[in-house]
Amino acid sequence: MRVDERGLRELITESQDLQSDALAGARAGLVDLADLRHERGPQRPEPEQMERFNAGRRQLLQRLGLGAGAVAGRSVLVGSFGAAVTAILAKPAAADTALDVQQLQTASSLEKLAISAYAAALGLDFIKNGNPVIVKFAQTTMMQHDEHKKAFQAQTTALGGKAQDTPNPIFLKVVTAATPGLKAPLDVVKLAASLEEVAADTYLVDISMFEDTKSIEIMGSVIGVEVQHLAILKAVQALLEGGGEALIKIPTDVAALPAAAGSAGFPDGAFLTASDETVAPPESGAVK
Amino acid sequence: MIDATDAPPAGQGGLSRRHLLGGGTMAGAALLLAACGSDSEDSSTDTTAGDDDETTSTTKAQAAAGDAKVAELAAGLEVLAVGTYKAALDAATGGKLGAVPPAVATYVKTAMGHHQEALDAWNEVITAAGGTEVTTPNATLKPTVDAAFAKVKDVTGAAELALLLEQIAAQTYLAALPKIQDAEARKLATSIQTVDQQHQAILLFTLGKYPVPDVFQKTDKAVTA
């Protein structure tokens, strides 16, 4: 396999320059968050906000098949995951907890988990000594998730909440359970894609429920990047499954790519949609 | 090598459970915007309402009007995207772009299908709220895109133009998100914004560039209503 290392380094450098530019803009946007917090004071939910939170909770319960009367007796989820979600959702909304803050804390917890997962993947021999494009992708993606986490934490603090810096407990269990089965790059790529999908699906739901517009802006700018991670991971997954690892290189040998490579990166089709299994409930990553 | 069955064919993602949930989003957005539209009419005719009711109705009407503008802007962008991909496909079929790699051919058909579905979704929202279906491309961008397309001589040029269109579309959606009042309409916009971002990643990869260049999605190419 031929890899243009110099070209790749230049691309990564270019990418990091672009990231620096983007970060400068994002950080400039975050500067006024402290002012916002000062203006808003300690976060206390308004009645409308509490209703929105509870409406969101009811909607989530229904989506999970855990609606009224069903929580105790029925679950579409299995094992500890189902039990954990049931326990979280059956708990009444805390009077002093705002939905926006919970969603930001849960987003931070998902980013923290992604960072940990990519770091662990980069420690695996078959990754760190494997395809250099996959290594660079994992390194760059891990760094991007770290910036996402910082942005969510800053916004959490700006809204008067406590920054979350531990991995999401629900999906940590999923990652922990999957880890012993990571024997080849394809296994890692599939797990990484699953984590990106969880983040994207969760943010899709969260964006529709946020009241704070700055939080919409931040999460909107993050989800746009998570789905790109997902698209590339799905395309790489298809190449690996088809025995095309040699085609995972930059510059790309476009003429050699199979036809399916042109659609493999769009697992959801024309619309990103959230499935029951891949949405982290707002309380799941909230600081207790 | 990869078999064609490894990847979901264009449009068939719509048959999955995930996509069906997306259909629910579209219907929800259409219904909610329609409801806001009704409120708008009420606000102009109900002279007996109290101050608070009038204020609420006016606010809802303003929100609905703002959302309708976003929906029309989005639909105009989707018309432009569909038309441009169609023109590229026609040019490729006519041999005007030289050799077209199989992956690029699949991408163009897939992306064009996505934008057509997005257009249909926005028109569903617009017509359900009492508006008129959008069938013409965004007037501001059309001349620029036409001029750029006239200069396209090969697949790389077509991919560069497609990348620019996808950036404009995705960034326009992102810039509009905080302004969209209806939660379901915002969800629909997000669900399309993200797929346009995915188009960019695949285009960047095929162009030999790093596929996820930004830490945060930008909005510098966004257009406004």
* Using alpha carbon centroids, what distance separates the range A:110-147 and the range B:168-225, in Å? -> 24 Å
* Sorted from largest down, give the three principal axis spans of the alpha carbons of the range B:68-153, whole angstrom values. => 46, 25, 16
* To do: Kindly identify the range A:172-231 as rounded, prolate or oblate by the Cα gyration tensor criterion: order the square roots of the eigenvalues as a ≥ b ≥ c, call it rounded if a/c is under 1.5, otherwise compare a/b with b/c, prolate if a/b is larger, else oblate.
  => prolate
* Structure fact -> Per residue of A:152-163, other chain Cβ atoms within 10 Å number on average 0
* **Segments A:184-196, A:225-237 sorted - mean Cβ within 10 Å per residue, highest first** => A:225-237, A:184-196
* To do: Measure off 7 Å from each Cα along the Cα-to-Cβ vector at B:K86 and B:K153, then give the distance between these two points in nanometres to one decimal.
  => 2.8 nm
* R0 = 30 Å: FRET efficiency of A:A177 with A:E211, Cβ-based, nearest 0.05? -> 0.30
* To do: Could you list, in their original order, any pairs among A:K112/A:K214; A:K288/B:K69; A:K136/B:K221; B:K109/B:K151; A:K214/B:K109 whose Cα atoms are separated by more than 32 Å?
  => A:K288/B:K69; A:K214/B:K109
* Asked: What order do you get for B:T156, B:T224, B:T190 when you list them from fewest to most C-beta neighbours inside 10 Å?
  -> B:T224, B:T156, B:T190
* **Likely footprinting exposure, B:L89, A:L113, fewest C-beta neighbours within 10 Å first** => B:L89, A:L113
* To do: If a/c stays under 1.5 just call it rounded; otherwise compare a/b with b/c (prolate if a/b is bigger, oblate if not). Do that for the range A:225-288, with a ≥ b ≥ c from the square roots of the Cα gyration tensor eigenvalues.
  => prolate
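Only the coordinates and a few stated rules stand behind these numbers; no lab work does. Predicted, not measured: the structure shown is a model, and the values here were computed from it. Please note: Cβ atoms are built from the backbone with ideal geometry, for glycine as well, and neighbour counts cover all protein chains shown.
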